[in-house]
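The values are calculated or read from the model by the stated rules, or taken from the named source; none is laboratory data. None of these values were measured; they are calculated from a predicted model. Please note: Cβ atoms are built from the backbone with ideal geometry, for glycine as well, and neighbour counts cover all protein chains shown.
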Amino acid sequence: MKHAGALMLVGAGGFLGSVARYAVALLFAPLAPGFPFATLTVNILGSFLIGFLGELAVSTTLVSPEARLFLVTGFCGGFTTFSAYMFEHSALLKDGQLFYAGIYLAGSIAGGLVALYTGMLFAKLWT
């Protein structure tokens, strides 16, 4: 498949995943004000979906390479990046790469928090 076709599949899936994420946020917003229940739901559901679809893609012929781009990379990627993180982390563990899995875990959490607060600091300094 040419790169343009792959980009279109990922983009279309990402669009639908983003719309689905927003729909979940609208659905759950009135249920639990003050708690990010929608994000928690999206992250758990996205992790299930990427695990299910990713495993089907590598273990069977039920999910074609094109469908994998659309569903796993596009839809799940647009729905939640947490699911991609979980899938990649499990691949490191499955491959016995415990050191890299630990670095990925710690780096994602600690690095993400440091980046978040640094971005907030820069925004406050800028305004």
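Determine, yes or no, whether residue 71 is out of contact with any Gly (no Cβ under 8 Å at 6 or more places or on another chain) and at pLDDT 90 or above.
Numbers: out of contact with any Gly (no Cβ under 8 Å at 6 or more places or on another chain): no; at pLDDT 90 or above: yes.
In short, no.
Condition first: touching a residue at least 12 places away in the same chain (Cβ under 8 Å) and touching a Phe, Trp or Tyr at 6+ places or on another chain (Cβ under 7 Å). Now tell me which residues in the range 19-58 satisfy that.
If the condition is that a residue be touching a residue at least 12 places away in the same chain (Cβ under 8 Å) and touching a Phe, Trp or Tyr at 6+ places or on another chain (Cβ under 7 Å), then 20, 21, 28, 38, 41, 42, 43, 46, 47, 50, 51, 54 are the ones that fit.
What are the residues in the range 1-34 that are within 12 Å of the chain's Cα centre (by Cα) and of a type outside the set (Lys, Arg), if any? If you could, list the steps in order and put the result at the bottom.
Of the range 1-34, the ones within 12 Å of the chain's Cα centre (by Cα) are 14, 17-18, 21.
Passing the criteria: 14, 17, 18.
Could you tell me which of the residues 16, 9, 53 is modelled with pLDDT of 95 or more and surrounded by 18 or more Cβ atoms within 10 Å (Cβ to Cβ)? Don't jump to the end; show me each part of the working.
Values: 16 fails: surrounded by 18 or more Cβ atoms within 10 Å (Cβ to Cβ); 53 fails: modelled with pLDDT of 95 or more.
The unique qualifying residue is 9.
May I ask you to list the residues in the range 77-127 that are in contact (Cβ under 8 Å) with a residue 60 or more places away in the chain and touching a Phe, Trp or Tyr at 6+ places or on another chain (Cβ under 9 Å)?
78
Could you list, in sequence order, the residues of the range 35-60 that are within 15 Å of residue 24 (Cα to Cα) and more than 13 Å from the chain's Cα centre (by Cα)?
Listed by number, the residues that qualify are 35, 36, 37, 38.
Residue check, residue 31 against (1) farther than 28 Å from residue 105 by Cβ; (2) assigned to a helix (DSSP H, G or I); (3) not β-branched (Val, Ile, Thr), all met but one. Which one?
Tallying (1) farther than 28 Å from residue 105 by Cβ; (2) assigned to a helix (DSSP H, G or I); (3) not β-branched (Val, Ile, Thr), residue 31 fails exactly one: (2).
How many of the residues making up the range 34-50 are in a helix (DSSP H, G or I) and surrounded by fewer than 15 Cβ atoms within 10 Å (Cβ to Cβ)?
Here the count works out to 3.
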